[in-house]
Amino acid sequence: MSTVTVVCNLTLDGVMQAPGRPDEDRRGGFTRGGWAVSYSSDAMGRVFEGMGQQTGRSGAMLLGRRTYEDFAGFWPNQPDNPFTEALNRMQKYVASATLADPLPWVNSTVLAGDAAKAVAALKDEQPEQDLVILGSGGLIRSLLPHGLIDEFTLLIHPLVLGAGQRLFAEGSETALDLIDSVGTSTGVVLARYRRAK
């Protein structure tokens, strides 16, 4: 069975909304977008390098509609960025009730219907292909109650925002075991957790 891993930028108070750009996600009147940029240094590079070393299995991305549309509007237009080729080449599964195939970004496929059922089927049907969720808070929160997320790689920033969408919804209950952690020169802690049995 494949493994589903969440990779997420977080503040100390659990906010995950709009880490990359001021205009990335203004839902709920959020005005603090771009909060992770000044801390980024080599953090994301180290995360993906570590993921590549952990497994020889192939990987695919699992995205919610909003994150997919944001990524598809940005990454294919970054020809000098080392992540662009890798992201273009990677299979991308998009959980959406509104999008339909064919999607504009190469190697992208819609997972129609109930997200939890579609991801559970994908885990069973593609056991050799691990899935990575980037961003996609709504998707993450919809999968958690069904036990479909196996691991979290969290980039925890030394920052408290006090507002914004959080990774774990109010009332969420998830027990995790720490697998590994390391700090960066900018104070970001890269922490890897596995769902407790």
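Considering only residues that are among the β-branched types (V, I, T) and in a loop (DSSP other than H, G, I, E, B), look in the range 65-112 and name the one that is farthest from V4 (Cα to Cα). Among those that are among the β-branched types (V, I, T) and in a loop (DSSP other than H, G, I, E, B), it is T98. Contact map, the range 164-179: residues that are among the small types (G, A, S) paired with residues that are surrounded by 15 or more Cβ atoms within 10 Å (Cβ to Cβ), Cβ distance under 7 Å, separation 6+ or inter-chain. Pairs shown: G164/V15; G164/Q17; G164/F30; G164/R32; A169/R141; S172/L144. For the range 113-197, the strands (runs of 3 or more DSSP E) that sit wholly inside it and include 3 or more residues that are within 13 Å of the chain's Cα centre (by Cα) and under 28 Å from A72 (Cα atoms) are 129-134, 151-157. Close contacts from the range 91-105, counting a first residue that is within 14 Å of V119 (Cβ to Cβ) and at pLDDT 95 or above and a second that is assigned to a loop (DSSP other than H, G, I, E, B) and aromatic (F, W, Y), with Cβ to Cβ under 7 Å and a gap of 6+ residues or different chains, come to K92/W105. If the condition is being surrounded by 14 or more Cβ atoms within 10 Å (Cβ to Cβ) and either of a type in the set (A, V, I, L, M, F, W, C) or at pLDDT 95 or above (or both), then the range 70-90 contributes F71, A72, F74, W75, L87, M90. Restricting attention to the range 1-17, and to residues there that are surrounded by 20 or more Cβ atoms within 10 Å (Cβ to Cβ) and of a type in the set (S, T, N, Q), which single residue is farthest from E128 (Cα to Cα)? By that ranking, first place goes to T11. Only a single criterion out of (1) surrounded by 13 or more Cβ atoms within 10 Å (Cβ to Cβ); (2) under 17 Å from L12 (Cα atoms); (3) β-branched (V, I, T) is not satisfied by V94, namely (2). All conditions but one from (1) surrounded by 15 or more Cβ atoms within 10 Å (Cβ to Cβ); (2) within 23 Å of G20 (Cβ to Cβ); (3) without any contact (Cβ under 8 Å) to a residue 60 or more places away in the chain apply to G183; the one that does not is (1).
Among the residues examined, L139 does not qualify as buried (at least 17 other Cβ atoms within 10 Å of the Cβ), farther than 24 Å from D25 by Cβ and out of contact with any His (no Cβ under 6 Å at 6 or more places or on another chain). If only residues of the range 119-130 that are at pLDDT below 95 and touching a strand residue (DSSP E or B) at 6+ places or on another chain (Cβ under 8 Å) are counted, the one that is surrounded by the fewest Cβ atoms within 10 Å (Cβ to Cβ) is E128. Applying the set (1) within 22 Å of A36 (Cα to Cα); (2) touching a Ser or Thr at 6+ places or on another chain (Cβ under 9 Å) to L87 leaves exactly one unmet item: (2).
Among the residues of the range 128-148, the one identified as more than 17 Å from S108 (Cα to Cα) and among the polar types (S, T, N, Q) is S142.
Among the residues of the range 133-163, those identified as touching a helix residue (DSSP H, G or I) at 6+ places or on another chain (Cβ under 7 Å), in contact (Cβ under 8 Å) with a residue 60 or more places away in the chain and either within 26 Å of S185 (Cα to Cα) or not β-branched (V, I, T) (or both) are I133, L134, G135, S136, L139, L143, L148, T153, L155, H157. Yes or no: G135 modelled with pLDDT under 95 and over 20 Å from V4 (Cβ atoms)? For G135, the condition - modelled with pLDDT under 95 and over 20 Å from V4 (Cβ atoms) - is not met.
The values are calculated or read from the model by the stated rules, or taken from the named source; none is laboratory data. Small disclaimer: the values here were computed from a predicted structure and weren't measured. So basically every Cβ, Gly included, is an ideal-geometry build from the backbone, and we count neighbours across all protein chains shown.
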